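A quick write-up on the structure given underneath.
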Amino acid sequence: MDRIRPHRAWPLFDTAASRAIERASAGHLPPHALMQRAGLAVARLALALAPHARTIWLACGPGNNGGDGFEAAMHLRSWGKNAIVTWSGDEGRLPQDARASLQRARAADVRVAPHPPAEWDLAVDAMLGLGAARPLEATLAQWATLMAADARPVLAVDLPSGLDADTGGGHPARASHTLALLTLKPGLFTAGGRDAAGEIWFDDLGIAEPAARPTAWLAGAPPEVVRLHASHKGSYGDVAVVGGAAGMGGAALLAATAALHGGAGRVFACLLDPVAAGFDSAEPALMLRRWDSLDLSAMAVACGCGGGDAVRAALPTVLATARALVLDADALNAIAADTQLESLLKARARRARPTVLTPHPLEAGRLLGCTAAEVQADRLGAGRELVQRLGCVVVLKGSGTVIAGPGRTPLLNPTGNARLASAGTGDVLAGLVASHLAAMPDGFDAAAAAVYEHGRLADHWPRRQALTASALARAVAPERGWPAPL
Ligand SMILES: NC(=O)C1=CN([C@@H]2O[C@H](COP(=O)(O)OP(=O)(O)OC[C@H]3O[C@@H](n4cnc5c(N)ncnc54)[C@H](O)[C@@H]3O)[C@@H](O)[C@H]2O)[C@@H](O)CC1
Ligand SMILES: [K+]
């Protein structure tokens, strides 16, 4: 059993893949073995989480998730705990594995109580897992409400009940801990999944080599960068930030600052405000230039970043010439509204010029012609769809940022938290992606490294210190990524 922490990469399997793995694995094992292993794993984690618990309430549902609960109750009882099972199901309609577990539990003297206990030290949510098909109703909904109203820990079996395993959608029960069984599901790590699941644990039930391809990966930490002594600023590439229309110069300067701190050799801030100052006293290493005075074909360009409507005029040239490109905010909105710009964007893929889009769900919706809610309902699907339509690497921001790219299995980023929900942090990310792109040929790897680092900084941010975009931009350091080619 492993606790999932954000440094190691893990394969993620959606419902169809998880079911295929379950079928293939069960074929090689004695009957009901997987559920028995699942129940033992749940009982062990319950004991580890609440070693002094006297009463453990196990709320069991009508399918095999409930079966895991029956198995766990049997072990907890045999270890001296007051294991109280409540069950909402129909014995005649129980799947075979769960029925066998119910019979084993009864034989071990586990009784099904008519009501939840008045008090408990730990609750186990074994109501619904992969088979959740609609919002929790009636008894299950009441139990979920009771658990949520209590401050004591809730251990969800496989998934918080009601969570969509593939998308992180649905109206899930809340858990403080979730033990994923056999496979880790993508829905645990994106959209509503992270808030519903709490701390995530994983037990592979002894199936170390799953018989299916991962649907996605939970990203691991990029390697630490070792800068060669005999390197120079030319080794780390040039970044140009094009943005900062009148009144929004800060956005472009934030991106440029992040690119500089992220390790780019030289950074040019190209403000679109015609009366912008020619010098940034807070960051004198930034060079303020006009975008049309630079040779963008040798640079990684971050475009958008407070560019407002003014960015439209620059986009045809930027799209046609930038060696590598990050498109954010206003640049994405301009492309969504202009088919000619969209054609220029698609042409970049044919010329093998790395391009990374960094939309939030609303911007992604504009590009796809749908609402932000529709994007959120299937974030991995939306990421894949954008890649297919535009041929770019896509960073779909939000809880569990999706990184998708042509020919690559998508990643879900494990770092970051709601402290990043403040103005300008997206500009910092765009600049950071550009700094990685300046030194690294692969847009997908550059985006993944930058997103991981951006979130990691927020995860380690001092508690009593405000996380502002300007402080974040300066906290960036060129620690992780891939070594620059010399
Ligand atoms: N069969 C096996 O060998 C294994 C099964 N496992 C467990 O089995 C789970 C999957 O089992 P199932 O496919 O039976 O699915 P579930 O246990 O999630 O439940 C499906 C049942 O719940 C009903 N249902 C769906 N939504 C409902 C709602 N909102 N309110 C009330 N009832 C609802 C369905 O009609 C169906 O009867 C996994 O998540 C995992 O916990 C694990 O033990 C691994 C091994
Ligand atoms: K559950």
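Each reported figure results from applying straightforward, stated rules to the coordinates on display, with no laboratory input. Only a predicted model underlies this, so the values are computations on that prediction, with no experimental measurement involved. All Cβ positions, glycine included, derive from the backbone under ideal geometry; neighbour counts span all protein chains shown.
Observations on the model:
- Mean Cβ count within 10 Å, highest first, over the residues of peptides 121-129, 149-157, 349-357: 121-129, 149-157, 349-357
- Projected label distance in nm at Ala108 and Arg134, using a 7 Å step from Cα toward the beta-carbon: 3.3 nm
- For the peptides 55-67, 21-33, 307-319, residues were scored by their other Cβ atoms within 10 Å and the scores averaged per peptide; the highest-first order is 55-67, 307-319, 21-33.
- For the stretch 233-475, average projected area of the Cα convex hull in nm²: 11.9 nm²
- Cα-based shape type of the stretch 1-86, given that a ≥ b ≥ c are square roots of the gyration tensor eigenvalues and the cut on a/c is 1.5: oblate
- Selection of chymotrypsin sites (Phe, Trp or Tyr not before Pro), the stretch 243-347, meeting DSSP coil and at most 12 other Cβ within 10 Å: Phe279
- Applying D = kT/(6 pi eta Rh) to the chain, where Rh is the Kirkwood radius over alpha-carbon pairs, T corresponds to 20 °C and eta to 1.002 mPa s, the Stokes-Einstein value obtained is 90 µm²/s.
- Among Asp195, Asp442, a tally of other beta-carbon atoms within 10 Å of each Cβ gives an order, fewest to most, of Asp195, Asp442.
- On Cα atoms only, tilt of 33-49 relative to the major axis of the chain in degrees: 80 degrees
- Net length gained if the chain between Arg289 and Ala246 were fully extended (0.36 nm per residue, minus Cα distance): 13.9 nm
- Test item: Cα-centred dipole of the chain, Lys/Arg +1 and Asp/Glu -1 on Cβ, debye: 580 debye
- Set of lysines with alpha-carbon distance to Lys397 below 29 Å, sequence-local pairs under 8 removed: Lys185, Lys346
- Net charge, Leu45 excluded, C-beta distance under 10 Å - Lys, Arg +1, Asp, Glu -1: +1
- Cut-off 12 Å between beta-carbons: net charge of the residues surrounding Gly383, Lys and Arg +1, Asp and Glu -1: +3
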